[in-house]
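Colleague: Can you keep this structure in mind? I'll have questions shortly.
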Amino acid sequence: MRVRPHSPLPSASVRSAAERRELLKAVYDEARECVRCPLHQTRTTVVFGNGNANADLMFVGEAPGANEDRMGLPFVGQAGKLLDRLLEEIGMARKDVFVANTLKCRPPDNRDPHPNEIEACRDYLDRQIELIEPVMICTLGNFATKLLRGDTTGISRLHGREELRVIGPRAVRLYPLYHPAAALYTPATLEALRSDFHRIPELLALGAPDQPEQAEAVPELEEQDALPELKEPVAVAAEAATAQLGLF
Ligand code: SF4
């Protein structure tokens, strides 16, 4: 599902869906070799994100957990199942959206991300947003919300309150939600998450907000990189890499 924007998009959006996917693959190839922060020493797999590279709706969570680190995919545990269920309730599925995290590697013992890690990893998220060009971004929980809003206001005050934000070159509808993991064992949080979630279709239907006039050019692929060969970093990641790079 891709809602047509109400206003002309910057020049980068003339990319075809295939170009968008290839550019995203190139960023993934870079990320999976990343050693920008200490988390590369303890990760099993870089969890780049997956879903529809042409999606209007993007979800941004916190960081991979143990299952994600093992499988190389975001939101595969109980929180992921809840996300799938909520998507189903609004008539959508993972193949309609793109799901990523603020950190692409798992913090040991699922500790909170450190500021230096978030800072080091931010560029990958920015480039994902720049290439996918979502109409709407749902931040899941405190870390993603604070990062993309650029202030420290907590999710309990912000959940369910949509706003327009310019992130990099792109204006989006930012829609903070509780993290599904926080809703697993707290009925009141689940109720709030579900209620907020059910407003997504109406917000999506508003289409893309007006875009900033000056959009920075997205680097084009060099000709020799246009169809990168896929290299599996570890065997266990083969299936995950297919899901990530094959996209939907
Ligand atoms: S968390 Fe991000 S910045 Fe740190 S090593 Fe992983 S991909 Fe690189």
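Each value in this text was obtained by applying a stated rule to the coordinates, not by laboratory testing. Keep in mind it's a predicted model, so treat the numbers as computed, not measured.
Colleague: Search the structure for amide H atoms under 5 Å from the amide H of GLY61, placed 1.01 Å from N in the peptide plane, and list their residues when 5 or more places away or on another chain.
Modeller: Those qualifying (amide H under 5 Å, at least 5 residues apart or on another chain) are ALA100, ASN101, THR102, LEU140.
Colleague: Let me ask something else. Per the Kirkwood treatment, what hydrodynamic radius in Å, one decimal, follows for the range 63-137 from the mean inverse distance over all distinct Cα pairs?
Modeller: The Cα-based Kirkwood calculation yields 13.6 Å.
Colleague: Quick one: Karplus J couplings for the range 173-186, per residue in order, coefficients 6.51, -1.76, 1.60, θ = phi - 60°, nearest Hz, x for Gly and Pro?
Modeller: 8, 8, 9, x, 10, 4, 5, x, 4, 6, 8, 4, 10, 10
Colleague: Kirkwood Rh over Cα pairs of the range 6-145 into Stokes-Einstein at 25 °C, 0.890 mPa s: D in µm²/s?
Modeller: Translational diffusion coefficient: 160 µm²/s.
Colleague: Evaluate the Kirkwood expression for the hydrodynamic radius of the range 153-193, namely the inverse of the mean inverse distance over all pairs of different C-alpha atoms, and round to one decimal in Å.
Modeller: 11.3 Å
Colleague: If I take the Cα coordinates of the range 135-203 and project them onto the principal axes, what are the three extents in Å, biggest first?
Modeller: Between the extreme Cα coordinates on each principal axis of the range 135-203 lie 38, 27, 16 Å.
Colleague: Hey, another quick one. Over every pair of different alpha-carbon atoms in the range 102-142, take the mean of 1/r and invert it; report that Kirkwood radius in Å.
Modeller: 11.5 Å
Colleague: Short version: what are the Cα gyration tensor semi-axes of the range 115-169, square root of 5 times each eigenvalue, largest first, in whole Å? Numbers along the way, then the final one.
Modeller: Working: eigenvalues 67, 49, 14 Å².
Value: 18, 16, 8 Å, ordered largest first.
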